[in-house]
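This report refers to the structure that appears directly beneath it.
The values are calculated or read from the model by the stated rules, or taken from the named source; none is laboratory data. Keep in mind that what you see is a predicted model, and the values were worked out from it rather than measured. All Cβ positions, glycine included, derive from the backbone under ideal geometry; neighbour counts span all protein chains shown. With ligands, DNA and RNA removed, areas are computed over all heavy atoms of the protein, side chains included. Shrake-Rupley method; radii C 1.70, N 1.55, O 1.52, S 1.80 Å.
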Amino acid sequence: MALAGSLLSVAPTWASSTTTTVTPDQALGMLMAGNREFVKGEIDHLEKMSTPARRTELVAGQHPYAIILTCSDSRVPPEILFDKGLGEIFVARVAGNIASASELLGSIEYGVEHLGASLIMVLGHSKCGAVTATYDSHVAGTMPPKNIDSLVKAIDPAVTEVLATNPTGTKAEVVEECIVENVKKVAESIEVNSPIVKEYLELGKVKLVKAKYDLATGVVTVLP
């Protein structure tokens, strides 16, 4: 915990537009420190790093230290959840935080190879509508309209795996299990389907982490 506190105090230096080395563990510590500020309602770093001067500083280039793949849900804006301003995090958002589209994988690879990010976080969240819809479709044996069905097909392997264990509990509790399983499967798919990410992971230059955001508490929890 002391590490996270020390990281927060020097975050503005690391977050400058000049290229500096931020290790994967440092990047994760900075995110989690920012989340703790958000939970306490003490966001101020975001404001400090979103000034006209900061905007001007970044015109020459960007060097975000973390990539966050998360849901399009309007209640889950990473910049606010982690108290981060301009140029600090590279964000990809899609309903259900899936990475099945080549464009999403390409964005992640770009963030790693060309922008120098050292951390990739797949961030799911409680009460995810996309996962709930997939659960409902799976149980009913039906598919939603075209285009939405692509999201359901991408998330369904997680629902299938959870239901195969014959889980007990309410629908809401089972859906939360599906949300966690979906995050894990998305992280696995990134490593399997991206040679670039796999190489950087093997070299220790990048860390891929799984996490879940709780809508009620505001807390982001890193998953095993």
Point to revise | Number of positions in region 166-181 that are at pLDDT 95 or above and either touching a Ser or Thr at 6+ places or on another chain (Cβ under 6 Å) or of a type outside the set (A, V, I, L, M) (or both) | key: 8
Revision key, fill the gap. When (1) outside any loop (DSSP other than H, G, I, E, B); (2) among the hydrophobic types (A, V, I, L, M, F, W, C); (3) at pLDDT below 95 are applied to Val222, the one that fails is (3)
Practice item. Could you tell me whether region 97-108 includes any residue that is of a type outside the set (Gly, Ala, Ser) and assigned to a strand (DSSP E or B)? Key: no
Review point. When you go through Ser74, Ser118 one by one, which is the residue that is among the polar types (S, T, N, Q) and open to solvent by 40 Å² or more (accessible area, probe 1.4 Å)?
Key: Ser74
Review point. Quick one: how many residues across region 191-208 are in a strand (DSSP E or B) and buried (at least 19 other Cβ atoms within 10 Å of the Cβ)?
Key: 1
Review point. When region 40-87 is examined, which residues are found to be out of contact with any strand residue (DSSP E or B) (no Cβ under 9 Å at 6 or more places or on another chain) and aliphatic (A, V, I, L, M)?
Key: Ile43, Leu46, Met49, Ala53, Leu58, Val59, Ala60, Ile80, Leu86
Check your understanding: Hey, which of the helices (runs of 4 or more DSSP H) in region 21-81, taking only ones fully inside, have at least 2 residues that are more than 13 Å from the chain's Cα centre (by Cα)?
Key -> 24-40, 45-48, 52-57
Revision key, fill the gap. Per the list (1) modelled with pLDDT of 95 or more; (2) within 18 Å of Val131 (Cα to Cα); (3) assigned to a loop (DSSP other than H, G, I, E, B); (4) open to solvent by 50 Å² or more (accessible area, probe 1.4 Å), residue check on Glu188 breaks on (3)
Review point. Of all residues in region 76-134, how many are among the acidic types (Asp, Glu) and in contact (Cβ under 8 Å) with a residue 60 or more places away in the chain?
Key: 3
Exercise for review: Determine which single condition Ala117 fails, assuming it passes every other condition in (1) in a loop (DSSP other than H, G, I, E, B); (2) under 23 Å from Val186 (Cβ atoms); (3) out of contact with any Pro (no Cβ under 8 Å at 6 or more places or on another chain).
Suggested key: (3)
Review point. Does Val175 satisfy the condition of being surrounded by 14 or more Cβ atoms within 10 Å (Cβ to Cβ) and free of Cβ contacts under 8 Å to residues at least 40 places away in the same chain?
Key: no
Review point. Could you say which residue among Gly169, Gly124 is open to solvent by less than 10 Å² (accessible area, probe 1.4 Å), among the small types (Gly, Ala, Ser) and not in a helix (DSSP H, G or I)?
Key: Gly124
Review point. Hey, among the residues in region 42-68 that are open to solvent by less than 80 Å² (accessible area, probe 1.4 Å) and acidic (Asp, Glu), which one's nearest to Glu113 (Cα to Cα)?
Key: Glu57
Practice item. May I ask you to list pairs of residues, at least six apart or on different chains, whose Cβ atoms are under 8 Å apart, with the first in region 135-151 being open to solvent by 60 Å² or more (accessible area, probe 1.4 Å) and the second being among the polar types (S, T, N, Q)? Key: His138/Thr160; Met143/Ser137; Ser150/Ser100
